[in-house]
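The values are calculated or read from the model by the stated rules, or taken from the named source; none is laboratory data. Everything numeric here is computed off the predicted structure, so don't read it as measured data. All Cβ positions, even for glycine, are placed from backbone atoms using ideal geometry, and neighbour counts span all protein chains on display.
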Amino acid sequence: MSTTPEANLGTTAVRAGFELDAEAIAGWMTAHVADYRDPIRFEQFRGGQSNPTYKIVTPARSYVLRRKPPGELLKGAHAVDREARVLTALATAGFPVAHVHGLCMDETVIGAPFYVMDMVEGRIFWDATLPEIDRDERPAYFNAMNRTIAALHAIDPAAIGLADYGRPGNYFARQVARWSRQYLEDDAAGRDPNMDRLVEWLPRNLPDDDATSIVHGDFRIDNMIFHPSEPRILAVLDWELSTLGHPLADFAYHALMYRMPADIVAGLAGADLMALNLPDERTYADAYAARAGRSLAGYDFAVAFNFFRLAAIFHGIRGRLLRGTASSEQARERSEAFPRLAALAWEQARRV
């Protein structure tokens, strides 16, 4: 799978089937976005799998619009209203997210719910080895990611109005049930023997710890916008999978980069970390544990669970591709990677 910036970064012309009604959007922007000025035009971002994402270009500035994809969707998926809510709440805590200008749940405007937020200018890295960064500076970028995810898990959900953003407790059990159900019910995408084994194994090996925090759900290096020249995160992107959950599950997903092949998603598997001057997995995990004041007990299970969850997400992309509702040019490559992820998940489960 391509992980080059050319394949994933930037925008392209709006793809067939994902067009926007310029007049309707302009009218909504006029009513909801301060200082908005016509004319308006749209481009579509190349990256991203979940909700179609557009760049809104106006004479004064650019914005980002995210909408539900067209076509038949799985129940509860692509909830742009949840994304807008968590972004707005986290901004009040000083967490690095894009400013949301407004949410539109009226499907008569463009045919689907959507929200508009600021366009944050900076750098997105699609290769976790950070080839664009000088060797001596790379640890600072990993430190920024580590510090940011620990800061997220330190935020009190109730203090920013997110006490009801998810159900506290039993996170692993609920998530295993959710993704197992989504996998089993998506007939279009077919079945996989490793996933079938995991559906049976995971519920029998759940950890006892029930810690709860805000979790991002997709905290990867390519879901962050870094400052144009500094090791500082300006905005964390793509909050579709966020909820209240177990912080170790969220961190273990982030740390999958150490075990993930680079041709799937921003992985470091097989990389010479010493030569790259990057912290190893244990050092990185210990730094998070110290910052967050949390134990790493259950970390290996959390890794197996997250490989399974990511495989289930890719399985869903395969289903959308076959139904004709996939929103990304990379959907076919994600679909083809699904069996490899399922195999990695089962391999990790056998180690626990």
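Which one of Asp209, Asp164 is at negative phi and either in contact (Cβ under 8 Å) with a residue 24 or more places away in the chain or surrounded by 21 or more Cβ atoms within 10 Å (Cβ to Cβ) (or both)? Outline the logic, then answer.
On the way: Asp164 fails: either in contact (Cβ under 8 Å) with a residue 24 or more places away in the chain or surrounded by 21 or more Cβ atoms within 10 Å (Cβ to Cβ) (or both).
So the residue among Asp209, Asp164 that is at negative phi and either in contact (Cβ under 8 Å) with a residue 24 or more places away in the chain or surrounded by 21 or more Cβ atoms within 10 Å (Cβ to Cβ) (or both) is Asp209.
From the list Arg332, Arg320, Arg350, pick out the single residue that is of a type outside the set (A, V, I, L, M, F, W, C), under 21 Å from Lys68 (Cα atoms), free of Cβ contacts under 8 Å to residues at least 24 places away in the same chain and part of a helix (DSSP H, G or I).
Numbers: Arg320 fails: free of Cβ contacts under 8 Å to residues at least 24 places away in the same chain; Arg350 fails: under 21 Å from Lys68 (Cα atoms).
None of the others qualify; the one that does is Arg332.
Residue by residue, here is whether (1) basic (Lys, Arg); (2) without any contact (Cβ under 8 Å) to a residue 24 or more places away in the chain; (3) buried (at least 19 other Cβ atoms within 10 Å of the Cβ) holds:
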position	(1), (2), (3)
Asp127	no, no, no
Asp136	no, no, no
Met145	no, no, yes
Ala158	no, yes, no
Tyr171	no, no, yes
Val176	no, no, yes
His216	no, no, yes
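Given (1) more than 16 Å from Asp222 (Cα to Cα); (2) in contact (Cβ under 8 Å) with a residue 24 or more places away in the chain, where does Asp286 come up short, assuming only one miss?
The failed condition is (2).
Please find, within segment 20-33, the residue that is farthest from Ile110 (Cα to Cα) out of those that are surrounded by 15 or more Cβ atoms within 10 Å (Cβ to Cβ) and touching a strand residue (DSSP E or B) at 6+ places or on another chain (Cβ under 8 Å).
Only one residue tops the list, namely Val33.
Being out of contact with any Lys or Arg (no Cβ under 7 Å at 6 or more places or on another chain), under 17 Å from Trp346 (Cα atoms) and not aromatic (Phe, Trp, Tyr) is true for just one of Ala287, Ala311, Ala255, Ala292. Which residue is that? Walk me through how you get there before you give the answer.
On the way: Ala287 fails: under 17 Å from Trp346 (Cα atoms); Ala255 fails: under 17 Å from Trp346 (Cα atoms); Ala292 fails: under 17 Å from Trp346 (Cα atoms).
One residue alone meets the criteria, Ala311.
Do we have any residue at all in segment 42-53 that's surrounded by fewer than 17 Cβ atoms within 10 Å (Cβ to Cβ) and out of contact with any strand residue (DSSP E or B) (no Cβ under 7 Å at 6 or more places or on another chain)?
First pass over segment 42-53, keeping only residues surrounded by fewer than 17 Cβ atoms within 10 Å (Cβ to Cβ): 43.
Okay, now just the ones that are also out of contact with any strand residue (DSSP E or B) (no Cβ under 7 Å at 6 or more places or on another chain), so none.
Within segment 42-53, not a single residue is surrounded by fewer than 17 Cβ atoms within 10 Å (Cβ to Cβ) and out of contact with any strand residue (DSSP E or B) (no Cβ under 7 Å at 6 or more places or on another chain).
Looking at Asn223, Asn170, Asn194, which one is outside the structural domain of Thr88 (by TED's automatic domain parsing), of a type in the set (S, T, N, Q) and in contact with a helix residue (DSSP H, G or I) (Cβ under 6 Å, 6 or more places away or on another chain)?
Details: Asn223 fails: in contact with a helix residue (DSSP H, G or I) (Cβ under 6 Å, 6 or more places away or on another chain); Asn170 fails: in contact with a helix residue (DSSP H, G or I) (Cβ under 6 Å, 6 or more places away or on another chain).
None of the other options fit; the residue is Asn194.
For segment 257-268, does any single residue satisfy the condition of being among the small types (Gly, Ala, Ser) and assigned to a helix (DSSP H, G or I)?
Quick first cut of segment 257-268, residues among the small types (Gly, Ala, Ser) only: 262, 266-267.
From what is left, the residues that are assigned to a helix (DSSP H, G or I) are none.
So far as segment 257-268 goes, no, none of its residues is among the small types (Gly, Ala, Ser) and assigned to a helix (DSSP H, G or I).
Tell me yes or no: at least one residue of segment 86-96 is modelled with pLDDT under 90 and hydrophobic (A, V, I, L, M, F, W, C).
Filtering segment 86-96 for residues modelled with pLDDT under 90 gives none.
No, the conditions are met nowhere in segment 86-96.
Scan segment 237-247 and give yes if some residue there is touching a His at 6+ places or on another chain (Cβ under 7 Å), assigned to a helix (DSSP H, G or I) and buried (at least 18 other Cβ atoms within 10 Å of the Cβ), otherwise no.
Yes: segment 237-247 contains one or more residues that are touching a His at 6+ places or on another chain (Cβ under 7 Å), assigned to a helix (DSSP H, G or I) and buried (at least 18 other Cβ atoms within 10 Å of the Cβ).
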